[in-house]
């Protein structure tokens with residue numbers, strides 16, 4: 001089940017500060033927020049998918065360099 005989470009929870013999922021989230025969106029393809037009233041929120045499953053993608057990119061990079 002998908003949930004909308006606050007910026008601090010999104011940052012905690014990734015292990016960064018809340019100030020880093022905009023940079024991740026701009027430079028690393030981090031999921032964009034959705035509007036929730038007067039604030040923004042993130043879909044937790046989209047963040048988890050982003051994390052899995054980053055792990056896969058790392059593993060592919062490591063496999064390519066281990067020749």
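Bear in mind that the values in this text are calculations on the coordinates, not laboratory data. The model shown is predicted, which means the values in this text are computed figures rather than measured ones. Glycine also receives a Cβ, built like all others from the backbone with ideal geometry; neighbour counts cover every protein chain displayed.
(1) within 19 Å of residue 3 (Cβ to Cβ); (2) exposed (fewer than 10 other Cβ atoms within 10 Å of the Cβ): which one isn't true of residue 19, the others all being true?
(1)
Quick one: which helices (runs of 4 or more DSSP H) lie wholly within the chain and hold at least 1 residues that are touching a residue at least 24 places away in the same chain (Cβ under 8 Å) and over 10 Å from the mean Cα position of the chain (by Cα)? Before the answer, list the steps.
Numbers: elements: 7-14, 21-28, 44-65.
Ranges flagged: 7-14.
Quick one: how many residues across the range 22-48 are closer than 11 Å to residue 2 by Cβ and loosely packed, with under 12 Cβ neighbours inside 10 Å?
1
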